[in-house]
Amino acid sequence: MTPVDKSVVVKALKDMSAYLQLKGENSFKTRAYDLAAERIAGLTEDLQALVEQKRLTSLPNIGESIGAKISDLVLTGKMSALEELKALWPPRIMELMQVQDLGPKKAKALFELLGVGSIDDLEKACNDHRVRDLKGFGQKTEDKLLAGIALARRSMGAGGRKSLGGVEAQANALLAWVKSAPGVIRASLGGSVRRRRETVADVDIIASAADPAPVFEHFGKFPQVAEHMSSGESKASVRLMITDLQVDLRVLPDEDFASALHHFTGSKAHHIRLRGIANDKGLTISEWGVFRMGADPAVQKKGTAKHEGAQEKLPIKDEAELYALLGMQYVPPELREDWGEIEASIAHTLPEDLITADDICGNVHMHTVWSDGKDTLEAMVRAAKELGYKYVTVTEHSQTSNYAGGLSLERLKAQWGEIEQVQEKFPEVKLLKGIESDILEDGSLDYPDSVLEQLDVVIGSIHQRYSQDEAAMTKRVLNAFDNPYLHVWGHPTGRLLLKRDPAPMRMEEILDKAAKKGITIEINGCPDRMDLAAENVRKALERGLKLVVSTDAHSVGELKSHLPYAIASARRGWVRKSDVLNTRDVKGFREGLVRR
């Protein structure tokens, strides 16, 4: 039987939680499935092996009952308990959970009272004015539901999530707007954006100010606000134009900023582990601060120093102090996923030299007007010089990629002449002749070896025939690694975020051969790709593989704008400066590419 991908297990666990909420089960039971889903999502071990070796329950948040359901799915291809729950409801009932302000309780009432079992049913009921007459709803709720339906229809196609690259500019603009509000002392992005996850559901901003009212008023006047969703004592939410992005702003006293920023950065799995460590030390952690055991965060929030034996809140200037109170090394936001960082932090063995953009000496992987780029080679090299790069690799698309202006043998050799001319104009930047050669269906590269051996850098990438099954795709890549002139495996899984899933392949087997052959692995910074994913970056590092952090730039602007996304993927994979070849000077870079 084909192994069940862990993403299928994660979805099943989340569906169990949702259906149990519809059924009216208590929050402790439903939350257990959400926590289990988060645990499996961050799993770096082989899930199939864990099940077969009956070691699932050794994982945090996986008890006997949930472990049995996961095993059922992995071993049989279906989760019987989930199928039984689904049978109680209409097939499209989960669509209702995508509608803003419509929780499980109201969804259940709409189904039982009006037979609403889908967004289409709900829209018809609202248009027929049948919802407003129900107890607990009313005309105002009916109007809100119609607006929520329109929003849900726009976002459901992407599962409600958006790519980091698609929202970050707007999120940063809003953060700058908040920082300019009257009385703001500190402000920062939080949540998935701060952790640099590839996709995000919403944006969190945390700010500190003595009086939150002027900050919320200024927040609501941001020019791109489409809707004011809610407002309270310490939180306000808006929906933005264009992206339909929901942004939650929390404003707290400055003494609570560090603990609130930490809390709302997440992840939940990371926080659950920290709360356990804090409890063992007689402490409690919340967005309102760190307290001695017995302290009442709600009372402390109101400014009462002591209450029923509660001790005063411990002062926390920044997140580093919070971790220090727990006897732990500071954990950078990108690492807070409970993927081993807790144990490393306790042991003070977290890497302190995680890669940064300032470490990059050369730009790897770029395209010009010779293929499908937007700018000339000279313009790209001039921009690279201005950005401080010491070398660039010129890697156009190859001849099979005719849809992207791929270079025939004649045009490839003609470009070499221009490379020499541009090199004379910019002696400060070393130009390396290269190509992004297509890995064909059988694993061969689409230029003869006699041509490839004349190039400084050969990136091998898959651009077509993604429909191959796991066995064929794995063999395809393994065969490509046998070519002695291939240096770099480009955008390895071929994924396009929210558009195309990663190609099916046996990644461990492929990385094992890459290590044996001395292949370098690319971390591609195109924001639609961010490929390789962090979990596979970790696997590459475990095998001692070298990496390149690349821009895959197709324009002058992308030389700069793409790099942060490559850095984000690298940092989330625990990559240090020494792991990346293009942190070296040109001599060291070229030596690092030499095959074994």
Selection from segment 204-221 of residues that are within 12 Å of Ala187 (Cα to Cα) and free of Cβ contacts under 8 Å to residues at least 60 places away in the same chain: Ile205, Ile206, Ala207, Ser208, Ala209, Val215
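So that you can scan it fast, the table gives a plain yes or no per residue for (1) under 29 Å from Glu343 (Cα atoms); (2) modelled with pLDDT under 85:
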residue: Leu20; (1), (2): no, no
residue: Glu25; (1), (2): no, no
residue: Ala36; (1), (2): yes, no
residue: Leu59; (1), (2): yes, no
residue: Ala68; (1), (2): yes, no
residue: Gly77; (1), (2): no, yes
Leu541 being in the same structural domain as Val575 (by TED's automatic domain parsing), assigned to a loop (DSSP other than H, G, I, E, B) and closer than 19 Å to Ile567 by Cβ: no
Cβ pairs under 6 Å, 6+ apart, first in segment 538-560 and within 21 Å of Gly340 (Cβ to Cβ), second of a type in the set (S, T, N, Q) and surrounded by 23 or more Cβ atoms within 10 Å (Cβ to Cβ): none
Every residue from segment 292-317 that is modelled with pLDDT of 90 or more and surrounded by 15 or more Cβ atoms within 10 Å (Cβ to Cβ): Leu314, Ile316
Lone qualifier among Val594, Val580 - being at pLDDT below 95 and either among the hydrophobic types (A, V, I, L, M, F, W, C) or not assigned by TED's automatic domain parsing to the domain that holds Ala169 (or both): Val594
Extreme residue, farthest from Phe589 (Cα to Cα), among residues of segment 401-418 that are surrounded by fewer than 19 Cβ atoms within 10 Å (Cβ to Cβ) and either among the aliphatic types (A, V, I, L, M) or not assigned by TED's automatic domain parsing to the domain that holds Gly373 (or both): Ala404
Cβ pairs under 7 Å, 6+ apart, first in segment 419-433 and touching a residue at least 40 places away in the same chain (Cβ under 8 Å) and of a type in the set (Phe, Trp, Tyr), second in a helix (DSSP H, G or I) and surrounded by 19 or more Cβ atoms within 10 Å (Cβ to Cβ): Phe426/Val381
Ile435 being among the β-branched types (Val, Ile, Thr), at pLDDT 95 or above and under 33 Å from the mean Cα position of the chain (by Cα): yes
Residue check for Glu542: buried (at least 22 other Cβ atoms within 10 Å of the Cβ) and either out of contact with any helix residue (DSSP H, G or I) (no Cβ under 6 Å at 6 or more places or on another chain) or modelled with pLDDT under 95 (or both): no
Residue in segment 91-101 that is in contact (Cβ under 8 Å) with a residue 12 or more places away in the chain, at positive phi, among the charged types (D, E, K, R) and out of contact with any strand residue (DSSP E or B) (no Cβ under 7 Å at 6 or more places or on another chain) present: yes
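A quick yes/no check of all residues on (1) buried (at least 19 other Cβ atoms within 10 Å of the Cβ); (2) touching a residue at least 40 places away in the same chain (Cβ under 8 Å); (3) assigned to a strand (DSSP E or B); (4) aromatic (Phe, Trp, Tyr):
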site: Ser450; (1), (2), (3), (4): no, no, no, no
site: Met505; (1), (2), (3), (4): yes, no, no, no
site: Asp512; (1), (2), (3), (4): no, no, no, no
site: Glu522; (1), (2), (3), (4): yes, yes, yes, no
Unmet requirement for Val51, which otherwise passes all of (1) of a type in the set (A, V, I, L, M, F, W, C); (2) within 30 Å of Ala503 (Cβ to Cβ); (3) part of a helix (DSSP H, G or I); (4) within 25 Å of the chain's Cα centre (by Cα): (4)
Test: residue in segment 388-400 that is of a type in the set (D, E, K, R), in contact (Cβ under 8 Å) with a residue 12 or more places away in the chain and crowded, with 20+ Cβ neighbours inside 10 Å: yes
Filter result for Leu82 (touching a residue at least 60 places away in the same chain (Cβ under 8 Å) and outside any helix (DSSP H, G or I)): no
Count - residues of segment 353-404 that are among the small types (Gly, Ala, Ser) and either in a loop (DSSP other than H, G, I, E, B) or under 19 Å from Glu420 (Cβ atoms) (or both): 7
Out of Val556, Val586, sole residue that is under 19 Å from Thr356 (Cα atoms) and either crowded, with 24+ Cβ neighbours inside 10 Å or among the β-branched types (Val, Ile, Thr) (or both): Val586
Residue in segment 469-482 that is at pLDDT 95 or above, assigned to a loop (DSSP other than H, G, I, E, B) and in contact with a His (Cβ under 9 Å, 6 or more places away or on another chain) present: no
Every residue from segment 454-468 that is within 16 Å of Thr393 (Cβ to Cβ) and either part of a loop (DSSP other than H, G, I, E, B) or over 27 Å from the mean Cα position of the chain (by Cα) (or both): Gln454, Leu455, Asp456, Val457, Val458
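The values are calculated or read from the model by the stated rules, or taken from the named source; none is laboratory data. What you see is a predicted model; the values in this text were computed from it and never measured. Cβ coordinates were reconstructed from backbone atoms using ideal geometry, including for glycine residues, and neighbour counts include every protein chain displayed.
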